[in-house]
Each structure stands twice: as structure tokens, then as C-alpha cells.
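For reference, the structure is listed below as C-alpha cells.
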Amino acid sequence: MRTLLLLALISVSAPTALSRQDVDATITRAITAWSRVKTLRATFEQTLTNPITGSSMSSKGELLQRKPNRLAINFSDPAGDRSVADGKHGWVFLQSATPGQVIRMSTTDVGAANTDLIGQFLSTPRSRYDVADAGRDNVGSRPARALILTSKPGESLPFVRAKVWIDSADALIRQFESTDPNGITRRVRLLTLAPNVAVKDKSFAFKVPSGVRVVER
């Protein structure tokens, strides 16, 4: 009797993994939800981990986006750092790490991963990566489903492995953790998220500060 009761408790409490069909359906819901987002305003916290140096760096700030190629990441910690894609160029201004310079890139060099941090997991053709269920979880107070995305051998993607948390209610990605080909891991949690809000053009403008050197890349 005790054994039967224990088995019953285990069967009730054990998480149910999604079937392959349900995993694909979850990704499809996320792709559809993101396709309806034209602009975005969000606050975030981020942790970058470099396994080679054994170092990690945490930051936070605000993210503004207007599809297809405008993005502004304004850091509040470290204060003053910015990463901007204005539609023609990408600007990386990290005074906390490289004071006195800003890197300028053409939009073709910036790449989709840098201009669409969330969409990079949803715009990549499904045939180029494998997906596995990682169970139910919460991002803050919001229920979510976590999925593992793994790049297939020979594919050149912005990530080799990623974990995304898809909101159970609106199917938007609320958190992600990705590992790039260099082994650097980025974990981003969106603390607030407001899709399809008005975002002014000047949000995506970058004016080179006086005395700052522009480094072309």
C-alpha cells in the first residue's frame, strides 16, 4: 500500500514533457506572436559569462526596438554605455570598458543577432536547429515554457545552444540564455515588456560625443 501511494504521488508531481508535436506548436506560437510585434520597449538585466577567462559581467538597462533594423540598448548599469542600430550603422559605445572610443559598423556587419536579440531565435529556419522541451518554469511571476535550441552540425548560427522561456499567456520570449560560437554565454531576463508602443525616431540616433574617436569595423 505504501509503495502504491508513493508511486501515485510521483505520477502526480512529475512534470510532463511536451511531445515533439507540442514543442513545434510552442515554437510556432512564439514565431506568430513575435511577428505581430513591430516596436518594443523593455527593461532588462543581463549576465555575460566568458568560460575562457572565467569572468562574468552583469548589467541592466532599457531596450527599444523598431523592426526591421532599429535597436537601442541604453545601459543604466554601467551608466552611459549604449549599443545602437540606426538603420544604416551600428554603434557600440562602451565607456565602461573602452573609454574614448565608439565602434561603428555597417548594418550588414551588425547582423540579425545584434539588431533583433529576441527574434534571432525565431527567424532562424527551423530546419537548422533541434528543439527539446525543458519543462515548465516561471519568469518572475509569469508562467512560461522553457525550450532548448541546439544548432545542427555544420550550421552557422548566432548561437550554438540557447534556452528560451516562452510566456504561457502571450507566447513572447521573456528570458533567454544563449551560447555563441566563442563559448560566451549571455543570459537576459526581460523585467518589463511593452510591445507595439510608440518609439520616437530620436531613440535610435547616436551622436558621437566630443573627443571620442570613431573606430570603423
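Is region 46-136 rounded, prolate or oblate when judged by the Cα gyration tensor, a ≥ b ≥ c being the square roots of its eigenvalues, rounded requiring a/c under 1.5 and prolate requiring a/b larger than b/c?
In terms of gyration-tensor shape, oblate.
Please report the spacing between the Cα centers of region 34-109 and region 158-217 in Å, no decimals. Answer, in whole Å: 6. Starting from a Cα-only point model with no solvent, please compute log10 I(q)/I(0) by Debye for the chain at q = 0.14 1/Å. Debye curve over Cα of the chain, log10 I(q)/I(0) at q = 0.14 Å⁻¹: -0.92.
Per residue, how much accessible area does the chain show when a 1.4 Å probe rolls over the protein heavy atoms, in square angstrom?
Numbers: 12230 Å² over 217 residues.
Here the residues of the chain average 56 Å² of exposed surface.
A simple charge model with +1 on the Cβ of Lys and Arg, -1 on the Cβ of Asp and Glu and nothing else charged puts the dipole of region 142-201 at about 200 debye relative to its Cα centre.
So, with +1 on the Cβ of K and R and -1 on the Cβ of D and E, and no other charges, what is the size of the charge dipole of the chain about its Cα centre, to the nearest 20 debye? Show your work: numbers first, answer last.
Details: 30 positive and 19 negative charges, 78 e Å.
Charge dipole of the chain: 380 debye, to the nearest 20.
Provide the net charge surrounding R142, with neighbours chosen by a C-beta distance below 13 Å and charges set as Lys +1, Arg +1, Asp -1, Glu -1.
On the way: positive: R136, R145, R174, R189; negative: D137, D167, D170.
Net charge around R142: +1.
The mean of 1/r over all distinct Cα pairs in region 121-161, once inverted, gives the Kirkwood hydrodynamic radius of 11.4 Å.
Rounded to the nearest 20 debye, the dipole size of region 34-148 about its Cα centre is 540 debye, using +1 on the Cβ of Lys and Arg and -1 on the Cβ of Asp and Glu.
Is the C-alpha gyration tensor of region 19-88 telling us rounded, prolate or oblate? Criteria: a/c under 1.5 is rounded; beyond that, a/b larger than b/c is prolate, otherwise oblate. Working shown, then result.
Working: a/c = 2.61, a/b = 1.32, b/c = 1.98.
Judged from the Cα gyration tensor, region 19-88 comes out oblate (a/c at least 1.5, b/c at or above a/b).
Considering only G140, L63, A97, the residue lying farthest towards the positive end of the dipole of the chain is L63, judged by Cα position with unit charges set on Cβ. When the helices of the chain are scored as -39500 (n - 2.57) per DSSP H run of n ≥ 4 and the total is divided over every residue, the value at 222 nm lands at -5000 deg cm²/dmol. Please give me the summed charge of the neighbours of V199: other residues whose Cβ is under 15 Å from its Cβ, Lys and Arg +1, Asp and Glu -1. Result for the neighbourhood of V199: +3.
Considering only T192, S210, V160, and ranking their Cα positions along the charge dipole of region 152-217 that arises from unit charges at the beta-carbon of Lys, Arg, Asp and Glu, the one farthest toward the positive end is S210.
Database remark: amide H of G80 closer than 5 angstrom to the amide H of F75 (H placed geometrically; neighbours at sequence offset of 5 or more, or on other chains; Pro and chain starts carry no H). Rounded to whole numbers, the Karplus 3J(HN,Hα) couplings from phi for region 187-195 are 10, 10, 10, 8, 7, 10, 8, 10, x Hz, using 6.51 cos²θ - 1.76 cosθ + 1.60 with θ = phi - 60°, and x at Gly and Pro. Remark: relative contact order (the chain) = 24 percent; criterion is Cα-Cα distance under 8 angstrom and separation of 6 or more residues.
Would you please classify the overall shape of region 129-202 from the alpha carbon gyration tensor, given that a ≥ b ≥ c denote the square roots of the eigenvalues, rounded means a/c under 1.5, and beyond that prolate means a/b larger than b/c while oblate covers the rest? Since a/c reaches 1.5 but b/c is at least a/b, the shape of region 129-202 is classed as oblate.
The values are calculated or read from the model by the stated rules, or taken from the named source; none is laboratory data. Worth saying up front: this structure is predicted, and the values here are computed from it rather than measured. Glycine gets a Cβ as well: all are built from the backbone with ideal geometry, and neighbour counts include every protein chain shown. These accessible areas exclude ligands, DNA and RNA; they are computed on the full protein's heavy atoms, side chains included. Shrake-Rupley method; radii C 1.70, N 1.55, O 1.52, S 1.80 Å.
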